[in-house]
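Q: Right, I'll just put the structure down here and ask away after.
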Amino acid sequence: MQRGEGRQRLVRWVAREIMPHEPLVRAWLARSMVSREDSDDLVQDAYCRIAELDEFEHIDRPAAFFFSVVRNLFLTQLRRARVVRIESAAEIEMLAGADELPSPERIAGDRREYARVRESIDQLPERCRRIFELRKIEGVSQREIAQRLGIAETIVENEGARGLRLVMEAMRARGGGIADHYEQIRASKVKRR
């Protein structure tokens, strides 16, 4: 199998098996009193780690795997911190059973949600879709995308934002939970300014 084919299979696997669980991971981070900025960094770092996988077929429980990667990154961050909040230390104690499988109903709902998200992504204009997938699914930096595609970073930034807006509009029109989740994040960022 060619490297490009393997990358595409990994991208599809991440979109299907990992991304639907991001809201749950972010909710856990929020309960652990992790700032939004640190949550963004942890999730992005987790996607980068997952993108480095050479093999992923052996992973039986992708949701638990994703959670474990974020949890390990979070624990590493806590170990490096000079001061650890009591709430964070207490939360770590409760992590032992936190990687249990979601219910069959949750899995079915997540798969339906994923299908709607994937359909929305697939309907994006070609360049916008490619930039969106590279940035949001593969975790490639704006600079690297610009270099790969031979375009300016501002175009990457604008097309990425456009892609996200179009996907959110499509999800909102279909009543998607992901759109509501990201709308809440956006609203909270506006309030902080």
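The values are calculated or read from the model by the stated rules, or taken from the named source; none is laboratory data. Computed from a prediction, not measured in an experiment: that's the story for all the values here. Virtual Cβ from ideal backbone geometry, glycine too; neighbours counted across all protein chains shown. The protein model used for the area step is the full one, side chains on, heavy atoms only, and it has no ligands, DNA or RNA in it. Shrake-Rupley method; radii C 1.70, N 1.55, O 1.52, S 1.80 Å.
Q: Which net charge results for the neighbourhood of Ala115, defined as the other residues with beta-carbon distances under 13 angstrom from its beta-carbon, given Lys and Arg at +1 and Asp and Glu at -1?
A: Neighbour charge sum, excluding Ala115 itself: +2.
Q: Which ³J(HN,Hα) values in Hz, rounded to whole numbers, follow from the phi angles of the range 124-133 under the Karplus curve 6.51 cos²θ - 1.76 cosθ + 1.60, where θ = phi - 60° and Gly and Pro get x?
A: 5, x, 3, 5, 4, 4, 4, 5, 4, 5
Q: Oh, and also: Among Ile18, Phe65, Ser35, flag the residue with its Cα farthest along the positive direction of the charge dipole of the range 1-70, charges on Cβ as +1 for Lys/Arg and -1 for Asp/Glu.
A: Farthest along the dipole direction, towards plus: Ile18.
Q: Take the eigenvalues of the Cα gyration tensor for the range 108-175, scale each by 5, and report the square roots as semi-axes in whole Å, largest first.
A: So the three semi-axes of the range 108-175 are 24, 12, 8 Å.
Q: Just the accessible area for His58, please: 1.4 Å probe, Å², rounded to the nearest 10?
A: Around 120 Å² of this residue is reachable by solvent.
Q: Something else now. With a 1.4 Å probe and all protein chains kept in place, how do Asp122, Asp40, Asp110 rank by accessible area, largest first?
A: Asp122, Asp40, Asp110
Q: Using just the alpha carbons, could you tell me how many Å³ per residue the convex hull of the range 1-62 encloses?
A: 81
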